[in-house]
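Structure record follows, encoded as structure tokens.
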Amino acid sequence: LLRRPGLRRLTLCAALLGLTTVSDSFLYLLLQRELRLPAHLFPLLPLGTAAVFLLLAVPLGALADRIGRRRLFLAGHGVLLLGYGLVLSPLRGAPVVVAVLVLHGTFYAATDGVLAAATAAAVPPEHQGAGQALVGTGQALARFLCSLAFGAAWSLWGGRNALSVTTAALAVSAVVASIVLRTADEQRPATPPPAAHPDDPHHAQ
């Protein structure tokens, strides 16, 4: 499967972006500490992300069909960058917490199903299961490694500094991924025009 250029590039980009995506648990803990959220409200943070995902998954999936799945996948990571920036900003208060959760849920709505759809388009029908598993495994492994690295960085430098470094790395990864995916689009062969039907009066005899 990795011999297929489209799938190879998609797997590479999913893994690269996964390497710089902070796990939900770390992000919620940072949100609670940096924005001084009362501890008893901490369990509500994942619910906020999930609610936004449920609201936006279908509309953003339809948008991906119109503007391109890879484009929306990259845009979702741009939204995540905004969320990280808000956590690092001097802004405080409940509106900032809500804004970060909205951005976080939007990120998932713009990437989870969209990545699967982009993978399906890059894999022949007889290898759909294996192709999805390949991309999903690459992304999951990268996020696992990111969690290990982020936890170590938090222990050494503190959570805020660890998030600052990860945010910068995600910005670089997003730029690299956009270049890789743009190259894939440019190298994709043009769709040939449909063949004339024999009953078409303009069809050459």
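The values are calculated or read from the model by the stated rules, or taken from the named source; none is laboratory data. What you are looking at is a predicted structure, and each value in this text was computed from that prediction instead of being measured. Cβ coordinates were reconstructed from backbone atoms using ideal geometry, including for glycine residues, and neighbour counts include every protein chain displayed. The area values use the complete protein model at the heavy-atom level, side chains included, leaving out ligands, DNA and RNA. Shrake-Rupley method; radii C 1.70, N 1.55, O 1.52, S 1.80 Å.
Under the shape rule built on the C-alpha gyration tensor, where the axes satisfy a ≥ b ≥ c, the stretch 92-167 is oblate, since a/c reaches at least 1.5 while a/b does not exceed b/c. Taken about its Cα centre, the chain carries a charge dipole of about 580 debye when Lys and Arg each add +1 at the Cβ and Asp and Glu each add -1 at the Cβ.
Out of (i) 51, 32, 29; (ii) 79, 32, 27; (iii) 60, 45, 36, which label holds the value of Cα extents along the principal axes in Å that was computed here? Checked against the structure: label (ii).
Of the residues 150, 123, 28, the one whose Cα sits farthest toward the positive end of the charge dipole of the chain, with +1 on the Cβ of Lys and Arg and -1 on the Cβ of Asp and Glu, is 150.
Can you figure out the FRET efficiency of residue 161 with residue 99, using R₀ = 25 Å and their beta-carbon distance, to the nearest 0.05? For residue 161 and residue 99, the calculated efficiency is 0.65. In the chain the longest region clear of trypsin sites (Lys or Arg not before Pro) that are loop-assigned by DSSP and have at most 16 other C-beta atoms within 10 Å covers 93-205. Name the shape class, rounded, prolate or oblate, that the alpha-carbon gyration tensor gives for the stretch 16-79, where a ≥ b ≥ c are the square roots of its eigenvalues, rounded holds for a/c under 1.5, and otherwise prolate holds if a/b is larger than b/c and oblate otherwise. In terms of gyration-tensor shape, oblate.
For the chain, the relative contact order is 36 percent, taking Cα pairs closer than 8 Å that sit 6 or more residues apart in sequence and dividing their mean separation by the residue count. Relative to the longest principal axis of the Cα atoms of the chain, helix 69-88 runs at roughly 10 degrees.
Each stretch of four or more DSSP H residues adds -39500 (n - 2.57); spread over every residue of the chain, this sum gives -27000 deg cm²/dmol at 222 nm. Of the solvent-accessible surface of the stretch 32-73, computed with a 1.4 Å probe over protein heavy atoms with every protein chain present, carbon and sulfur atoms account for 68 percent.
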